[in-house]
Amino acid sequence: MTQGIFITGTGTEIGKTVIAGGLAASLKQAGIDVGVMKPISTGDTADARFLKHAAQVDDDLSLINPIYLRHPLAPSVAARIENREIDLSRVENAFVELQQRHDFLIVEGVGGIAVPIRDDFWVVHLIKQLQLPILIVATAGLGTLNHTLLTVTFAQQFNIQIAGIVLNGLRPERAGLAEATNPVEIEKLTGVPVIGVVPYQKQLDTPSPDVTFLAEWTNRHIAWRKLEGP
Ligand SMILES: Nc1ncnc2c1ncn2[C@@H]1O[C@H](COP(=O)(O)OP(=O)(O)OP(=O)(O)O)[C@@H](O)[C@H]1O
Ligand SMILES: [Mg+2]
């Protein structure tokens, strides 16, 4: 059985945290002992706090988020500016500890899959190290075919298992032909299931949303039971 899932995206500000938190809330509501992790954050620790809130776990923030860099940049760049070396053993140790504490782990990446953590160690290498399948969060509208295909083909080059794709931030009142055709096109072109199309929901655009609402919203829009593992 899969021990967890790594939430990556086609870029930054795509909705990885909202989707990761939503899955955590749903799995928890379904009775699964779920843990969360944001191995590396830059700029602030809001993602780790959102995930902790969504999963309602007692784990310390320093375990959920072992590496924090002040500058809101790619980790390798922030580390250089701050004259710091990113100690990846801290990520590995925290990951092992959280895996021991929980039955299923939801891990959020940083930016997209080709973001450098060190010059020679990118998010894709972290995914390989943690040996988790990925869920790709992408946008719902025009442009997402390009970004999604780039992410899928790149992950496949590294033999990473892709569990599914979620299209996030749909605004039905503004949606057109691209939004209508994207889910089917993406499945046809990649062979990866699109397990959800998630609308923009103002009530969730906040640092600590109502967790019951978050879980129900996720259940309604993401077929997470299609993911292998939970
Ligand atoms: N479906 C949604 N409904 C409402 N707000 C959303 C939704 N998806 C994302 N947002 C909002 O959009 C912003 C970006 O989303 P989020 O923080 O989840 O992106 P991210 O991919 O995790 O970004 P980062 O790369 O910084 O980690 C946030 O303010 C979030 O609340
Ligand atoms: Mg995030």
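General observations
- Residues of the range 73-106 satisfying the condition of being within 18 Å of SER62 (Cα to Cα) and part of a loop (DSSP other than H, G, I, E, B): ARG84, GLU85, ILE86, ASP87, HIS102
- Residue match in the range 199-221 (condition: at pLDDT below 95 and under 25 Å from VAL115 (Cβ atoms)): no
- Any hit, the range 55-75, residues being within 15 Å of the chain's Cα centre (by Cα) and within 9 Å of ligand 1 (Cβ to nearest atom): no
- Filter result for ILE195 (closer than 29 Å to LEU69 by Cβ, among the aliphatic types (A, V, I, L, M), touching a residue at least 12 places away in the same chain (Cβ under 8 Å) and surrounded by 13 or more Cβ atoms within 10 Å (Cβ to Cβ)): no
- Selection status of GLY43, within 15 Å of ligand 1 (Cβ to nearest atom) and under 28 Å from THR212 (Cβ atoms): no
For every residue, the table says whether it meets (1) surrounded by 20 or more Cβ atoms within 10 Å (Cβ to Cβ); (2) among the hydrophobic types (A, V, I, L, M, F, W, C); (3) at pLDDT 95 or above; (4) in contact with a Pro (Cβ under 6 Å, 6 or more places away or on another chain).
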site: VAL57; (1), (2), (3), (4): yes, yes, yes, no
site: PRO66; (1), (2), (3), (4): yes, no, yes, no
site: ARG70; (1), (2), (3), (4): no, no, yes, no
site: SER76; (1), (2), (3), (4): no, no, yes, yes
site: ALA79; (1), (2), (3), (4): yes, yes, yes, no
site: ASN83; (1), (2), (3), (4): no, no, yes, no
site: LEU88; (1), (2), (3), (4): no, yes, yes, no
site: GLY111; (1), (2), (3), (4): yes, no, yes, no
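- Whether a residue is assigned to a helix (DSSP H, G or I), more than 16 Å from ligand 2 (Cβ to nearest atom) and within 17 Å of the chain's Cα centre (by Cα) was assessed, and ASN219 passes this test.
The values are calculated or read from the model by the stated rules, or taken from the named source; none is laboratory data. Source: prediction; values computed, not measured. Backbone-built Cβ (ideal geometry, glycine too); neighbour counts: all protein chains shown.
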